[in-house]
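What follows draws every value from the coordinates through simple rules; no lab data is involved. Model, not experiment: these values are computed from the prediction. Cβ: placed from backbone, ideal geometry, glycine included. Neighbour counts: every protein chain shown.
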Amino acid sequence: MAPETQAPLLRISALTKRFGGFTALDNVSVDIPPGQRFGLIGPNGSGKTTLINCISGAFRTEPGTVTFRDEDITRLPPHIRTRRGIARSFQIPRPFRSMTVAENLMVGLDFAADTSVIVSEAHRREAMMSILTRMGLASKANVSATKLSQVELRKMELARAMATHPKLLISDEAMAGLSSSEVDEVLDLLMSLADQDITIIMIEHIMQAVMRFSERVMCLEAGKIIAIGTPDEVMSNQRVQEAYLGT
Amino acid sequence: MKRNGIYFWIGAALFLAGAMLMTQVIGNQYPFFACYVILQFIVLAVAWSILGGYAGYVNFGTSAFFGVGVYTAVFLFKATGVPLAVQIAAAAAVGALMGFALGLLTLRMQGIFFSIATIAATIIIETAITNWRYVGGASGIQLQRPAVMAPFDNYVEMLFFVQAVMVVLAVAISRYIQNSWIGRGLQALKDDELAAECTGVPTLRLKLTACVISGALMCAAGAPAAMYLQYADPASAFNLNYSVSALAMSLIGGTAHWAGPVIGAILLGVTQQLLTVTISSEVNVLVLGVMLVLFVVAAPEGIIGLIRKVRSKRNEGEG
Amino acid sequence: MFSFELLLDAVVIGVLLGCFYAAVSLGLSISFGLLDVPHVAHPAFLVLASYAVYFLNEHYGVDPLLAGLLITPLFFLFGLVAYRLYYETFEKRGSDAGVRGIAFFFGIAFIIEVLIILLFGVDQRSVTADYVGKAWRLGDMRIPFRLVVAFVVAAALTILLTLYLSRTFMGRAIRAVAQDQEALRLMGANPIRIKQWAFGIATAVLGIAGALLIIVAPVEPTLDRTYIGRTFCVVVMAGLGSMSGTLVAAIILGVAEAIVLTLFGASWAPAISFAMLLGVLAVRPQGLFGRRS
């Protein structure tokens with residue numbers, strides 16, 4: 001009964017998203033309490049990224065509502081949601097290619113950082129360097145974003161998201177295409193961020209990583225929630241196994 | 001940073017002082033006629049670059065803004081006879097409004113759709129002016145220059161100086177945008193619009209801001225043209241050549257830095273003046289087109305990009 | 001002033017004119033609609049074809065339609081080269097092709113315009129043929145024969161292209177490349193070769209279209225500016241890449257232009273296609289008969 005005593009950070013109620021005749025999300029409702037490490041799994045095309053796009057504002061939803069920190073954000077554009085505290089990374093990294101790593105972060109600090117904390121230009125640079133150091137990218141600060149390796153690109157996207165001072169961080173397959181040691185590296189990073197009071201939604205295909213990371217896991221299939229609960233509960237669920245094994 | 005700013009303003013002051021000196025010393029009218037056109041193209045290219053360069057939205061509608069600037073001045077002059085400064089200020093205001101309206105209509109479109117929409121807007125506005133009898137319709141309108149004001153002893157010299165002031169204004173605005181958070185936001189949305197939104201950049205508002213500023217400057221640059229030619233007609237005021245010139249000068253100069261369009265406009269403007277005098281005005285459009293295609297294919301970052309490349313090579317050589 | 005007869009007149013002329021607009025837009029429907037090439041120079045290519053037809057007609061007395069057919073292979077080659085150049089310089093390099101690709105075609109358009117001025121001067125040019133000056137009388141209605149020729153050829157061209165795209169192997173490959181380039185690559189086909197071929201076809205069609213353009217009315221070097229509006233209006237309204245949609249959209253434009261011409265006079269005509277284009281872009285960018293979502 002613990003989650004009920006606490007107001008959820010993010011509440012998704014009765015969310016439906018259609019593209020033409022195709023229903024990508026079908027009446028999805030879920031509450032995510034503050035501080036939770038939340039795993040989102042499901043086969044390809046099950047609606048995971050669509051759900052992320054609805055939370056971050058890239059898609060408008062009709063019908064359904066998204067409530068964040070007790071405020072209805074269903075109709076807000078993405079940049080306002082970012083300023084309210086929702087940050088994300090992208091499945092295929094989308095760095096600002098004409099900029100250096102440092103400048104990529106400065107965009108977040110310029111436009112979305114908490115202005116009550118970060119006031120001056122010096123403040124901003126300090127904040128930028130501290131995020132880069134934490135992400136292990138300090139030596140890459142003045143390198144062009146196009147010159148980064150895959151794992152560095154993933155880290156930079158998370159760093160840029162952190163620059164917006166998020167309360168909720170959505171990591172969309174930040175480990176896809178990485179080696180197992182790199183997966184551990186990124187996983188540790190996300191763990192350390194979660195320890196700092198940031199709620200994290202992690203979408204991932206690498207099952208071990210999701211299971212290790214998440215306190216609670218949700219599985220989507222064809223736009224519907226087929227299981228939600230602790231990692232063990234979800235993994236032992238009959239329908240989840242069927243969805244993943246394709247039987 | 002601070003020191004750069006001081007140098008910039010000293011340079012601007014010297015430029016204006018030089019322009020003023022020219023009007024007092026040189027008696028021959030021709031240099032002013034020629035330089036006026038070059039200055040006008042600097043303003044247009046710099047203004048184009050604010051939306052087309054920083055934000056990456058290829059505007060084919062420079063001639064729409066320029067033409068509206070011309071006709072704002074024509075209308076005000078005919079209706080009220082207000083002085084040039086008021087005509088220019090009014091043109092800037094109209095240009096800002098037009099930028100806002102056009103931006104709202106078109107800035108949600110991407111890439112080529114935006115570009116085509118701006119051509120469409122140009123032709124529609126031109127057609128409307130062509131059907132507006134009060135300002136002369138298709139056949140155009142003759143204008144009589146009023147008396148010139150001190151310290152100038154000739155109207156063209158005054159126009160030349162006025163356009164020089166607008167150059168300084170346009171470059172200062174463009175430079176401010178580039179170095180401010182607005183510039184950083186525009187650069188981010190140029191690279192990736194969705195990623196920019198999700199990093200907190202209010203993309204539509206920034207694009208609209210760029211469109212409004214760019215439009216105001218283009219209209220202002222067009223306002224004195226009626227007095228310069230003592231004549232205005234829709235076909236030449238809305239000529240697509242203004243669009244291709246502004247675009248070509250910006251891209252050839254390079255859009256990554258405010259100085260790019262200035263360099264491009266001076267280079268091409270001077271070449272055009274020489275070609276028009278020595279060969280023909282058709283050939284100068286040809287040269288413009290060929291240069292544009294060559295640069296876009298072979299030197300995508302323009303002259304600014306070439307300079308940066310040479311510099312970094314030299315640094316590597318030394319280090 | 002305005003009567004039912006006049007309206008009927010306008011509608012008939014508009015339908016004929018519309019078919020002609022379809023013929024000049026078909027190429028763009030392939031190059032821009034299917035291949036996503038920001039081909040702003042399409043109308044300039046069209047006017048260039050008209051001048052080639054004019055040249056053959058004026059100096060060698062070749063019938064304009066035959067001349068159009070004769071230059072078709074040349075334009076096909078021209079298209080192959082143009083796409084290769086575009087591909088090598090922009091598509092291959094990937095990022096930031098947008099701004100520069102558009103500027104590239106805009107520059108090409110201006111170069112063609114000026115070359116025509118330097119070669120042929122700024123005056124209007126027209127062709128001579130038996131069918132150019134004559135007209136049909138249907139009751140009180142007078143239908144210019146040149147419009148009928150344009151109508152017949154345009155209809156034939158549309159049908160041929162539709163059949164080509166749906167029935168032949170290459171045609172189907174072209175439509176496949178528009179939808180999923182990667183899938184085609186996996187099947188062992190080279191998408192770039194197919195796109196180049198398609199661009200060649202799109203340009204070749206302009207040979208005939210250019211002949212129609214100069215048959216319907218005299219041409220001048222800057223005529224392409226007006227046709228930017230007409231062709232893009234038709235292609236965008238049609239929904240990118242749909243051939244039958246192109247025909248319907250072109251007829252809508254033709255009728256709209258003919259009616260406005262009758263009601264308000266010729267001076268408003270240039271704005272119609274652009275106004276419709278702007279309207280469609282602002283309200284329904286996927287077109288009225290949209291293929292893509």
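Roughly how many debye, to the nearest 20, is the charge dipole of the stretch B:2-239 about its Cα centre, given +1 on each Lys and Arg Cβ, -1 on each Asp and Glu Cβ, and no other charges? Before the final figure, lay out each step's value.
Details: 11 positive and 8 negative charges, 70 e Å.
Dipole size: approximately 340 debye.
Take every residue in peptide A:78-85, count the Cβ atoms of other chains within 10 Å of its Cβ, and give the average of those counts.
Details: counts 11, 12, 3, 3, 7, 2, 1, 0.
The per-residue average across the peptide is 5.
List, largest first, the extents of the alpha carbons of the stretch C:127-258 along their principal axes, each in whole Å.
60, 28, 26
Which residue fluctuates the most in chain B, going by a Gaussian network model with Cα springs under 10 Å, if the choices are B:P261, B:P151, B:P202?
Taking springs between Cα atoms under 10 Å, the residue moving most is B:P151.
Just A:V217, A:V119, A:V186 to compare: in a GNM of chain A, with alpha carbon springs under 10 Å, which one fluctuates most?
For chain A, modelled as a Gaussian network with Cα springs under 10 Å, the answer is A:V119.
According to the Cα gyration tensor, what semi-axes, each the square root of 5 times an eigenvalue, does the equivalent ellipsoid of the stretch C:198-284 have, listed from largest to smallest in whole Å?
On the way: eigenvalues 88, 69, 26 Å².
For the stretch C:198-284, the semi-axes come out at 21, 19, 11 Å.
Of A:L187, C:H42, B:L206, which is farthest along the charge dipole of the protein assembly as shown in the positive direction, counting Lys and Arg as +1 and Asp and Glu as -1 at C-beta?
Result: C:H42, furthest along the dipole toward the positive end.
Taking the Cα centre of chain B as the origin and placing charges on Cβ (Lys, Arg +1; Asp, Glu -1), which of B:G111, B:A237, B:P146 is farthest toward the positive end of the dipole?
Farthest along the dipole direction, towards plus: B:G111.
Taking amide H atoms as placed 1.01 Å from N in the peptide plane, list the residues 5 or more away in sequence, or in a different chain, whose amide H sits under 5 Å from that of B:Y231.
Answer set, sorted by chain and number: B:L143.
Where Lys and Arg each count +1 and Asp and Glu each count -1, what net charge lies around A:A14 among other residues with Cβ under 12 Å from its Cβ?
Details: positive: A:R11, A:K17; negative: A:D26, A:E62.
In short, 0.
Ordered by residue, what ³J(HN,Hα) values in Hz, to whole numbers, does the stretch C:149-165 give under the Karplus form 6.51 cos²θ - 1.76 cosθ + 1.60, where θ = phi - 60° and Gly and Pro are x?
4, 4, 4, 5, 5, 4, 4, 4, 4, 4, 5, 4, 5, 4, 4, 4, 6
Using the 10 angstrom Cβ neighbour count as an exposure proxy, how do C:F151, C:F32 rank, fewest first? Spell out each step's value before the answer.
Values: C:F151 21, C:F32 24.
Least to most surrounded, the residues fall as C:F151, C:F32.
Per 20 Å bin, what is the whole-percent P(r) computed from every C-alpha pair distance within the protein assembly as shown?
14, 41, 34, 11, 1
Most fluctuating residue of B:T255, B:T80, B:T209 in a GNM of chain B with Cα springs under 10 Å: which is it?
Highest fluctuation of the listed residues: B:T80.
Would you mind checking which residues have amide H under 5 Å from A:G39's amide H? H placed 1.01 Å from N; only 5 or more apart, or other chain.
Placed amide hydrogens put A:M202, A:E215, A:R216, A:V217, A:M218 under 5 Å from A:G39.
Which pairs break 30 Å Cα to Cα here: A:K17/B:K207; A:K224/C:K92; A:K167/B:K309; A:K48/B:K190; A:K155/B:K190; A:K147/B:K207? Each step should come with its number before you reach the end.
Details: A:K17/B:K207 28 Å; A:K224/C:K92 40 Å; A:K167/B:K309 42 Å; A:K48/B:K190 27 Å; A:K155/B:K190 22 Å; A:K147/B:K207 28 Å.
Beyond 30 Å between Cα atoms: A:K224/C:K92; A:K167/B:K309.
Under a 5 Å amide H to amide H cut-off, with H placed in plane at 1.01 Å, what residues pair with A:I170 once short-range neighbours are removed?
For A:I170, whose amide H was placed from the backbone, the distant partners under 5 Å are A:A87, A:R88, A:S89, A:I201.
Please list 3J(HN,Hα) in residue order for the stretch A:137-153, calculated via the Karplus relation 6.51 cos²θ - 1.76 cosθ + 1.60 where θ = phi - 60°; whole Hz, with x for glycine and proline.
10, 3, 6, 9, 3, 9, 8, 5, 4, 6, 9, 7, 6, 4, 5, 5, 4
If you consider only alpha-carbon coordinates, what radius of gyration and Dmax does chain A have, in Å?
Values for chain A (Cα only, Rg and Dmax): 17.8, 58 Å.
Quote the Stokes-Einstein diffusion coefficient, in whole µm² s⁻¹, for the stretch B:122-178, based on the Kirkwood radius over alpha carbon pairs, a temperature of 20 °C and a viscosity of 1.002 mPa s. Before the final figure, lay out each step's value.
Working: Rh = 14.6 Å.
So the translational diffusion coefficient is about 147 µm²/s.
Return the ratio Rg/(2.2 N^0.38 Å) for the stretch B:2-239, where Rg is computed over Cα atoms only. Could you put the intermediate results ahead of the total?
Values: Rg = 18.6 Å, N = 238, 2.2 N^0.38 = 17.6 Å.
That works out to 1.06 for the stretch B:2-239.
Work out the length of the dipole vector of the protein assembly as shown about its Cα centre, built from +1 on the beta-carbon of each Lys and Arg and -1 on the beta-carbon of each Asp and Glu, and round it to the nearest 20 debye. If you can, show how the numbers build up before the last one.
Values: 63 positive and 57 negative charges, 57 e Å.
Charge dipole, the protein assembly as shown, about its Cα centre: 280 debye, nearest 20.
Which of C:F75, B:G27, C:F90 sits closest to the plus end of the dipole of the protein assembly as shown, meaning its Cα is farthest towards the positive end, when Lys and Arg get +1 and Asp and Glu get -1 on the C-beta?
B:G27
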